[in-house]
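What follows is one structure encoded as structure tokens, with my remarks underneath.
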Amino acid sequence: MAPAPTASESIPPIAQPFVSERARKLLDVVEKFVDEECIPADAVYHAQIGLGEARWQGHPSVMDDLKRKAQSLGLWNMFLPKNHFKEGPQFTNVEYGLMAEQLGKSITASEACNCAAPDTGNMEVIARYGSPAQKERWLKPLMAGEIRSAFLMTEPDIASSDGSNIRLRMERKGDHYVLNGSKWWSSGAGDDRCKIFITMGQTAPDHPDRYQRQSMMLVPADTPGITVHRMLSVYGFDDAPHGHGHITFTNVRVPLDAMILGEGRGNEIMQGRLGPGRIHHAMRGIGASEKALEWLINRLNDERKVPFGKPLAEHGVLLEWVAKARIEIDACRLIVLNAAIKTDQRDAKFALREIAEAKVKVPQVALEVIDRAVQAYGAAGVCQDTPLAYMWAHLRTLRIADGPDEVHLQQLGKRENRTRRDAIKAKLARQAQRSDELFRTMGVEKVALGAQKFQTKSKL
Ligand SMILES: Cc1cc2nc3c(=O)[nH]c(=O)nc-3n(C[C@H](O)[C@H](O)[C@H](O)COP(=O)(O)OP(=O)(O)OC[C@H]3O[C@@H](n4cnc5c(N)ncnc54)[C@H](O)[C@@H]3O)c2cc1C
């Protein structure tokens, strides 16, 4: 049996010129670490999370072992893109994207390499917009993997996909801001290592520009007045010890220097935070899809399963699922790598369209691939005996988190229409005019393109 190509040997030709030798080498180390250390540890991690309240106290010790191992292999903070940050090991978005694909195959791998959301996006915010004092206090321990963080934007009583709706009140009173309001889906808030909440709120409710009403602050998680009421479940999974918190702020006093970048800059920071994060999510989604495909192929070749007299691999429809999965995953990978390449060429704003394409397309494809694998396993596919059910639940949330599909599609549609409509109208008019000239100069009676065939046929 020929050895399977390594991750670096599988880089699509279109991306190869953008991947350094150093990144190729590390990519193979990531692949090996995920395959041999993290995936086997996933079930142990799950088993080490306690029951009841213990689920939110402490964390599985196997994670500490994995972190030590990852650091010894040089797999640490690979996510901070080199064109914008001097912190981190200096990889591009394409290079890290390829690594994130590998990390997406395991539930422990991203955290083991200090590359897990929401810390990655939060570290980017502090690295990009934070003051030197904020970096010293929060970025340093986050980059060392000593503490974790949460990003508090979404609120229960408003449509949070529109950042201008965010209304947790941040009132300046003397040398403090006083915060009142509620947040939910604060991912990571359940983890007792989570020490800092990057919190979005309203500092100027009457500002004429709706998008300058909000600001962002670094709020220590243990500030008096903050109450974590409950953890929200995702299709029944509680995602312990990480969790998704429902939190209230009651007269929470925060010093003025907790403000990031300045009052009214909240939406700007939020946009800056989400770009590379969406590429990371998408590439992890590709990894999850590849893993689901592996499980599908494994089931097709399970010699014990012989429905209606022949193995599953001989029932044509299942091979068609394998083929479709292969095509769709490969197409998605190109979409994401293209977004990453364009982001590296300048920044996330420059690659807005490509990032939105990846953000929408990958979870949809991943869900289809996982669903086919679930189907191939029959009842086993929906229970705890395969990783598929949990993967499906997680991937499903990516069609909502970081902005629902519909918002991205509407923005994409609007942009495509706005930027192209005039040029398209002018081009079609030019082509019609040229066609008219050709009819005249060639002395042919003018007929519409579709009608031409019809007339010819009817003459026969
Ligand atoms: C697992 C998970 C983790 C999350 N983690 C975090 C986190 O760490 N921090 C955080 O702040 N938030 C987090 N979120 C919340 C997530 O970002 C929000 O749910 C998302 O932004 C949508 O906001 P909303 O739920 O208020 O829905 P709404 O804004 O009320 O939208 C509801 C629906 O309305 C429709 N809709 C909205 N706008 C449009 C439009 N323009 N055109 C057409 N249809 C539209 C869409 O179908 C959309 O799904 C998380 C969510 C999940 C599920």
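Each value in this text was obtained by applying a stated rule to the coordinates, not by laboratory testing. Since the structure is predicted, the reported quantities are computational estimates derived from the model, not experimental observations. In this analysis, Cβ positions are derived from the backbone assuming ideal geometry, glycine residues included, and neighbour counts consider all displayed protein chains.
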With Cβ to Cβ distances under 12 Å as the rule, what net charge do the other residues near residue 315 carry (K, R +1; D, E -1)? +1
Measure out, as a whole number of angstrom, how far apart the alpha-carbon centroids of the stretch 216-255 and the stretch 41-87 sit. 21
Counting Lys and Arg as +1 and Asp and Glu as -1, each charge on the Cβ, what is the dipole of the stretch 149-263 about the Cα centre in debye, to the nearest 20? 180
Go through 289-299, 354-364 and give me the packing order, highest mean Cβ count within 10 Å leading. 354-364, 289-299
Using the Karplus curve 6.51 cos²θ - 1.76 cosθ + 1.60 with θ = phi - 60°, work out ³J(HN,Hα) for each residue of the stretch 138-148 in order, rounded to whole Hz, and write x for Gly and Pro. 10, 5, 4, x, 5, 5, 7, x, 7, 10, 10
Using alpha-carbon positions, what is the distance between the centroids of the stretch 126-145 and the stretch 358-409, in Å? 34
Tell me which lysines have Cα within less than 26 Å of residue 25's Cα, excluding those fewer than 8 residues away on the same chain? 67, 69, 82, 86, 105, 291, 342
Percentage of Cα-Cα pair distances in the chain greater than 38 Å, rounded to whole percent? 32
What ³J(HN,Hα) values, in whole Hz, does the Karplus curve 6.51 cos²θ - 1.76 cosθ + 1.60 give for the stretch 270-286 when θ = phi - 60°, with x put for Gly and Pro? 4, 5, x, 6, 7, x, x, x, 5, 5, 4, 4, 5, 5, 5, x, 5
Charged-residue dipole, Cβ positions (Lys, Arg, Asp, Glu), the chain about Cα centre, Debye nearest 20: 1860
Can you find, among 70, 449, 245, the residue sitting farthest towards the positive end of the charge dipole of the chain, where Lys and Arg contribute +1 and Asp and Glu -1 at Cβ? 449
Mean separation of Cα contacts under 8 Å (6+ apart) over length of the chain, as relative contact order %: 13
Interchain or sequence-distant (5+) residues whose placed amide H lies within less than 5 Å of the amide H of residue 91 are 82
With +1 on the Cβ of every Lys and Arg and -1 on the Cβ of every Asp and Glu, and nothing else charged, how large is the dipole of the stretch 267-410 about its Cα centre, in debye rounded to the nearest 20? 120
Picking from 122, 41, 15, whose Cα lies most toward the positive end of the charge dipole for the stretch 12-145 (charges on Cβ: Lys, Arg +1; Asp, Glu -1)? 122
Distances over 26 Å make up what percent of all Cα-Cα pairs in the stretch 267-410? 31
Output ³J(HN,Hα) for the stretch 382-390: one whole-Hz value per residue in order, computed from phi by the Karplus curve 6.51 cos²θ - 1.76 cosθ + 1.60 with θ = phi - 60°, and x for Gly and Pro. 9, 9, 7, 7, 10, x, 5, 5, 5
